[in-house]
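Single-structure report; data block below.
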Amino acid sequence: MKVDLNVEVLGLSLRNPFMVASGVLGVSSRLLVRAYQSGAGAVVSKSIGLEERKGYMGPNIVIGECWVINAMGLPNPGVEQAIQEFIEARNIGVKLIVSLYGFSVQEYVEVSRRVGEAGFDVVELNLSCPNVKGTGEEFSQNPEILSEVVRSVKNHFKGCVIVKLPPDVGAIEKLGKAAEVAGADAVTAVNTIKGMAIDVKTRRPVLSSAIGGVSGPALKPIALRCVYELHRNIKIPVIGCGGIRSWRDAVEFFLAGATAVQVGTALIDHDFKVFHQLESGVKKYLKSNGFKSVSELVGLASET
């Protein structure tokens, strides 16, 4: 039996449902192209803002047995320079979703407007960065403020808008519903969760900012629960993200309700070959269980 991994996500015809998560590759066109040519169905850029930002001084990352904590501080060259890199990648055929952030509603609007004018038609709003004050809890943990950002962006950006949600909220489905009602076309679940590491020799936090965002396998059960609850409560697509490193992880997210998944930390261990591993494994699972496409799996764990 022939199986098909092609998916339609927000008007994008993707060869497979496996995306590169935001924050992993930066904005270099060379890396964006390499990721896509290595098998990713789409690539989400690093979050870009209105102006250049240097980010935090090192150390910025600490790796544990089943987790990674990072506190990069949203370094990026600013929207205008980033757009030039994105255009170069798009011209080579990369399916690109532009991630963006702001320190105010007006900044989200302005960055999205410029991205739209450059011809990009899908953005992911990073409303939940856990380690930069002014871009995280202030926007994502208050449904009213989240709604204001989404509505304002939708009024100035004519393409599709994805809202990236945080895991550390009491009821993520309420945030998802607020995003949906405000006009969001999809949500990504989830961003990293706040955490830290302490060096027992120096007796000080390892990261220069002390607190960072936890990703990797340790985040997976939390992310999976968030996708499950969102799928049961909203009608727009849910994109799963958090600890996906094998075909089995991806299938679990599809069953929970994810239309597509994003891969981030797994690139540290498996490099870009992770996409071929995911594709091969999911195809085998579909074929051995009598499914013809990934879409047939979406939300099956929610059925009663």
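Of the residues contained in the range 178-188, one or more are found to be more than 17 Å from the chain's Cα centre (by Cα), modelled with pLDDT of 95 or more and not in a helix (DSSP H, G or I). For the range 171-196, a residue qualifies if it is aliphatic (A, V, I, L, M) and crowded, with 17+ Cβ neighbours inside 10 Å, and the qualifying residues are Ile172, Leu175, Ala178, Ala179, Ala182, Ala184, Ala186, Val187, Ala189, Val190, Ile193. Residues in the range 294-302 include none that are closer than 20 Å to Gly23 by Cβ and not basic (Lys, Arg).
For the range 94-115, how many residues meet the condition of being assigned to a helix (DSSP H, G or I) and either modelled with pLDDT under 95 or among the hydrophobic types (A, V, I, L, M, F, W, C) (or both)? Qualifying residue count, the range 94-115: 4.
Within the range 56-100, the residues that satisfy the criterion of being among the small types (Gly, Ala, Ser) and either at negative phi or surrounded by 15 or more Cβ atoms within 10 Å (Cβ to Cβ) (or both) are Gly58, Gly64, Ala71, Gly73, Gly78, Ala82, Ala89, Ser99.
Kindly indicate which of Ser209, Ser293, Ser288, Ser302 is of a type in the set (S, T, N, Q) and within 30 Å of Gly55 (Cα to Cα).
So the residue among Ser209, Ser293, Ser288, Ser302 that is of a type in the set (S, T, N, Q) and within 30 Å of Gly55 (Cα to Cα) is Ser209.
Yes or no, residue by residue, for (1) in a loop (DSSP other than H, G, I, E, B); (2) in contact with a Leu (Cβ under 7 Å, 6 or more places away or on another chain); (3) under 18 Å from Pro237 (Cβ atoms):
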| position | (1), (2), (3) |
| --- | --- |
| Ser147 | no, no, no |
| Lys154 | no, no, yes |
| Lys194 | no, no, no |
| Ala210 | yes, no, no |
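Just the residues that are among the hydrophobic types (A, V, I, L, M, F, W, C) and closer than 15 Å to Ala42 by Cα, please, taken from the range 259-273.
Across the range 259-273, the qualifying residues are Ala260, Val261, Val263, Leu267, Phe272.
Could you please let me know if Gly242 is in contact (Cβ under 8 Å) with a residue 40 or more places away in the chain and under 14 Å from the mean Cα position of the chain (by Cα)? Considered against the rule, which asks whether it is in contact (Cβ under 8 Å) with a residue 40 or more places away in the chain and under 14 Å from the mean Cα position of the chain (by Cα), Gly242 comes out as yes.
Across the range 244-293, which residue is nearest to Leu14 (Cα to Cα) among those that are of a type in the set (Lys, Arg) and in a helix (DSSP H, G or I)? It would help to see each step written out before you state the result.
Of all residues in the range 244-293, those of a type in the set (Lys, Arg) come to 245, 248, 273, 283-284, 287, 292.
Adding the requirement that they be in a helix (DSSP H, G or I) leaves 248, 273, 283-284, 287.
Numbers: Arg248: 20, Lys273: 18, Lys283: 15, Lys284: 19, Lys287: 20 Å.
The selected residue is Lys283.
The values are calculated or read from the model by the stated rules, or taken from the named source; none is laboratory data. All values reported here derive from a predicted model rather than from experimental measurement. Reconstructed Cβ throughout: ideal geometry from the backbone, glycine too, with neighbour counts over all protein chains shown.
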